[in-house]
Amino acid sequence: MFDWLRRLFWSPEETERHDFLEQIDALNVKAGGGKPQVEEVRAGKIRIYSGDFLLGDPQGFPEPAFELPNVAACEAEISLSVWRYPSGATQVNRLTVHLTNGTACDHAEKIGEVGIDSAKMILADKADIERHWTEVGKDRVGVISTAPDDTVLQLLTKRFKLKTVQRNVVRAVIVGRVSESLEGEIESFLKSQPEYADYPFLYFRVETNNSFERSIYLSKAWDFIPVGNAATPLMFVCGTGRGDGVYEVKCSYDGDVPQTLSIDFMGE
């Protein structure tokens, strides 16, 4: 009955996307060892001293996709609705930010949309991002691409006598800190090879564990991590449900003061 109604009222594109999302959920159930349990989690609090709250894809920072002004609270409490699989893996399905200490309004209206292309979202105080977001971190990690195969890895390890560790199917890292001189030698070598000369950064690069890299490579489903190279201030980073997409941002207000902000990552 449901399939008949869906095909009657939905467009072919909507039907195709619905079927695709169902396939993703089925794969997650298989990988997670069974169907998940729904949990409501209080993730913690984040400070908003400037009165301006930012959220968006890490790739857009320090100029995020969405800004919420006129926030009254010094601290905002973040709560999550998550799926927890038998394997212990978790998936964030809904994000709620309580922006006042008072009673929240029942009605929430759509105030915009946020596009996600990295399956991650950052929430932070605007002033913290402006003052502490950094393009250069404290580390110097050499990353060698192993996609589609390990040809470049074998080439570089042999020529430069490198010790490496395979992190996943598409990247290996050089053991130890990569000096600027070694980085230059490897880049010069790749540029001398016709098959790698045009885009050497696709095959080798040095990551410094800067603000973007810390957020984009976060292995947890959610966490509070430093904005910059110091231990504080913190920003909140979480995965976005099934991954990339355009998500509605809803908010309830008391006059012109925002009270509760919410994003449903499972909406179609």
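The values are calculated or read from the model by the stated rules, or taken from the named source; none is laboratory data. Because the structure is a prediction, the values reported are computed rather than measured. All Cβ positions, glycine included, derive from the backbone under ideal geometry; neighbour counts span all protein chains shown.
Ser145 meets each of the listed conditions (1) touching a residue at least 40 places away in the same chain (Cβ under 8 Å); (2) loosely packed, with under 12 Cβ neighbours inside 10 Å; (3) outside the structural domain of Asp57 (by TED's automatic domain parsing) apart from (2). As a summary of the residue check, Val114 satisfies the conditions (1) surrounded by fewer than 16 Cβ atoms within 10 Å (Cβ to Cβ); (2) under 15 Å from Val249 (Cα atoms) except for the one numbered (1). Residues considered: Val71, Val92, Val29. Of these, the only one that is part of a strand (DSSP E or B) and either at pLDDT below 95 or closer than 16 Å to Ile263 by Cα (or both) is Val92.
Residue pairs whose Cβ atoms lie under 9 Å apart, separated by 6 or more positions or on different chains, with the first residue in the stretch 81-100 and more than 17 Å from Ala124 (Cβ to Cβ) and the second assigned to a loop (DSSP other than H, G, I, E, B) and basic (Lys, Arg), are Trp83/Lys35; Tyr85/Lys35; Pro86/Lys35; Thr90/Lys220; Gln91/Arg242; Asn93/Arg242.
From the list Glu185, Glu180, Glu195, the lone residue that is under 19 Å from Gly137 (Cβ atoms), out of contact with any Gly (no Cβ under 7 Å at 6 or more places or on another chain), surrounded by fewer than 18 Cβ atoms within 10 Å (Cβ to Cβ) and not assigned by TED's automatic domain parsing to the domain that holds Pro58 is Glu180. Summed over the stretch 208-249, residues that are touching a His at 6+ places or on another chain (Cβ under 8 Å) and of a type in the set (Asp, Glu) total 0. In a residue-by-residue description of the stretch 248-257, the property of being at negative phi and part of a loop (DSSP other than H, G, I, E, B) applies to at least one position. State whether one or more residues within the stretch 12-21 are modelled with pLDDT under 95, under 19 Å from Gly239 (Cβ atoms), in a helix (DSSP H, G or I) and not assigned by TED's automatic domain parsing to the domain that holds Glu248. There is at least one residue in the stretch 12-21 that is modelled with pLDDT under 95, under 19 Å from Gly239 (Cβ atoms), in a helix (DSSP H, G or I) and not assigned by TED's automatic domain parsing to the domain that holds Glu248. Scanning the stretch 198-240 for residues that are assigned to a loop (DSSP other than H, G, I, E, B), in contact with a helix residue (DSSP H, G or I) (Cβ under 7 Å, 6 or more places away or on another chain), buried (at least 21 other Cβ atoms within 10 Å of the Cβ) and not assigned by TED's automatic domain parsing to the domain that holds Asp150 returns a single hit, Val227.
Of all the listed residues (Val165, Val178), the sole one being in contact (Cβ under 8 Å) with a residue 24 or more places away in the chain and outside any helix (DSSP H, G or I) is Val178.
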